[in-house]
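Comments concern the structure below.
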Amino acid sequence: MVFLLPSKFKAPVNQEVYSDFDESEYEEIVTKLIVVQQAIFDRPAKHRHLKALYMKGLVDGKPMSKMLVDGGASVNLMPYATFRKLGKGSKDLLETGMMLRDFGGNTSKTRGAINVELTIGSKTLLTTFFVIDGKGSYSLLLGHDWIHANCCIPSTMH
């Protein structure tokens, strides 16, 4: 992803340093941002910034809460209990030979994968989840796959 700034934010040109370039060529090469005001952030309340980021939304049109956004997870995960609550059965699973490793280094095989329409806010996206037998404090775990597909940068201080 590339962001371009309008040339009105360009730093003043020192003509001696850039004598080989004319002004129009220099504007095409680089635009620098000059920030005039300082950004000041309030100190977060004690330990409130350590809370997990949970979201609410819809999965195939059904309300879902406690969707955990985890920037450390490589894939999207759905516990089998959530899979069953959505009214899904074994015929809905796509077979995979995927083995997942948890934080303790233990490996386990997924039950399969499922594609669902995940709606958060006003954005709906077809999302693939790997169904696991594990239990957690979440109904869905949204990892790198979902974060990148939505062009998000989740805050680590929320």
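With q set to 0.23 Å⁻¹, the log10 of I(q)/I(0) for the range 48-149, from the Debye formula over equal scatterers at the Cα positions, is -1.41.
Got the relative contact order for the range 48-149 handy, in percent, Cα pairs under 8 Å and 6 or more residues apart? So the answer I get is 39 percent.
Amide H contacts of Leu53: Val69, each under 5 Å away and 5 or more positions distant or on a separate chain (H built 1.01 Å from N in the peptide plane; Pro and chain starts excluded). A simple count of charges around Glu95, restricted to other residues whose Cβ falls under 13 Å of its Cβ and scoring Lys, Arg +1 and Asp, Glu -1, yields +2.
Full extension of the segment from Thr107 to His144, taken as 0.36 nm per residue of separation minus the current Cα-Cα distance, would add 11.4 nm.
Only residues of the range 78-99 count here: report those whose backbone N is under 17 Å from the spot 7 Å along Cα→Cβ of Lys135, or say none. Answer for the range 78-99: 78-85.
Here, each number is a calculation from the coordinates, and none is a lab measurement. Quick caveat: nothing in here was measured; it's all calculated off a predicted structure. Cβ sites come from the backbone with ideal geometry, for glycine too, and all protein chains shown count toward neighbours.
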